[in-house]
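Please read the structure below before turning to the comments.
The values are calculated or read from the model by the stated rules, or taken from the named source; none is laboratory data. Fair warning: this is a prediction, and the values are worked out from it, not measured in the lab. Here Cβ is always computed from backbone atoms with ideal geometry, including for glycine, and neighbour counts include all displayed protein chains. With ligands, DNA and RNA removed, areas are computed over all heavy atoms of the protein, side chains included. Shrake-Rupley method; radii C 1.70, N 1.55, O 1.52, S 1.80 Å.
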Amino acid sequence: MKSPISIRRGTVAAVFVDLQEEHRKDERYLVEGFADILANVRRLQAAARRNFVPLYHFAYIVDLAEARPFHPVDAGGKSAFSDKDDPLTAICHEVAPQDGEAMLVKQEASAFGTNDFAKKIKASGIEWLIIAGVWTEACIDATVKDAVARGFRVLLVKDACGSGSIAMHQTGILNLANRLYGGAVTNTLDACRLMAGDTVNVWQVEGSVPLRFTFENAAQLYAEL
């Protein structure tokens, strides 16, 4: 169901996950509609900067010097994706961190992982996290679930996330929406309005698992979030 919310200034941060060049240049890991996703992320970042919302940028970069059981490697023994020596791990230039913004590296799906990110931002008074990035059913899913488990309210921006296909993305969002306790799903425009202090109608979970979707109705339900 949709209900009105507002977010108190000073209690929200924006988290951008794995918006790296490999997702538009490596044929194996292309994200469908990535140009549109980047455009929406730029809008979110501009709104965050205008409204003094702190921005945190994450990149998935793999260093096989650390033990990683079962991790896929290429013929040369390097990580099959996001290798530390691959220039395509760079954040896309149009959504890259600006001066003073945090750039954090992770080696696992979640932005929280084994670091002290949650502890630091909670100590600064952050209650809400605006989350955007790729891939929806993988690193976004893990980051959102870890955020909720650590007591943050998540504003998941559906049109600023993406995956290898629209179907993967939409079902990833629907699965998260079913269990996004304490948070909400919205679009880029309304996320920007919330950062500006407006009250906005957003989709929030009601009960335990309210959405049951099929191949036939998943796209319709996604559009209604």
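Mean residue ellipticity at 222 nm, helices only, the chain: -8000 deg cm²/dmol; runs of at least 4 DSSP H residues each add -39,500 (n - 2.57), and the sum is divided by the number of residues. Reachable aspartates and glutamates from residue 25, Cα under 18 Å, same-chain residues fewer than 8 places away excluded? Excluding near neighbours in sequence, the set is 36, 74, 83, 85, 86, 94.
Using only Cα coordinates, the Kirkwood hydrodynamic radius of segment 9-133 works out to 15.6 Å.
Computing the accessible area with a 1.4 Å probe over protein heavy atoms, can you report the carbon and sulfur percentage for segment 135-225? Taking all protein chains in place, segment 135-225 shows 52 percent carbon and sulfur surface.
For segment 67-145, the tally of Lys pairs with Cα-Cα distances below 24 Å comes to 9, considering only residues 8 or more apart or on different chains. Averaged per residue, the chain has 48 square angstrom of accessible surface, using a 1.4 angstrom probe with ligands and nucleic acids left out. On the beta carbon distance between residue 73 and residue 104, with R0 = 25 Å, the FRET formula returns roughly 0.55. Separation of segment 157-225 from segment 85-153 is 19 Å, based on Cα centroids. Quick one: Debye curve from the alpha-carbon atoms of segment 123-162 only, equal weights, vacuum; give me log10 I(q)/I(0) at q = 0.15, 0.20, 0.22, 0.29 Å⁻¹ to two decimals. At q = 0.15, 0.20, 0.22, 0.29 Å⁻¹ the computed log10 ratios are -0.32, -0.55, -0.65, -0.97. Once every Cα of segment 88-176 carries one equal point scatterer and solvent is ignored, give the base-10 log of I(q)/I(0) from the Debye formula at q = 0.17 Å⁻¹, two decimals. Evaluating at q = 0.17 Å⁻¹ gives log10 I(q)/I(0) of -0.78.
Computed over segment 57-124, the convex hull of the alpha-carbon atoms projects to a mean area of 5.8 nm².
Charges were assigned to the Cβ only: +1 to each Lys and Arg, -1 to each Asp and Glu. The resulting dipole of the chain about its Cα centre is roughly 940 debye.
The calculated FRET efficiency for the pair residue 65 and residue 214, based on their C-beta separation and a Förster distance of 30 Å, comes to about 0.10. Relative to the longest principal axis of the Cα atoms of the chain, helix 34-50 runs at roughly 60 degrees. Across the chain, the convex hull enclosing all Cα atoms gives 130 Å³ per residue. The order of 190, 198 by accessible area, most exposed first and with a 1.4 Å probe, is 198, 190. Annotation: segment 1-51 has a Kirkwood hydrodynamic radius of 13.4 angstrom, from the mean reciprocal C-alpha pair distance. Figure legend: label point modelled 7 angstrom from the Cα of residue 201 along Cα→Cβ; residues of segment 1-37 with amide N under 13 Å from it are 1-5.
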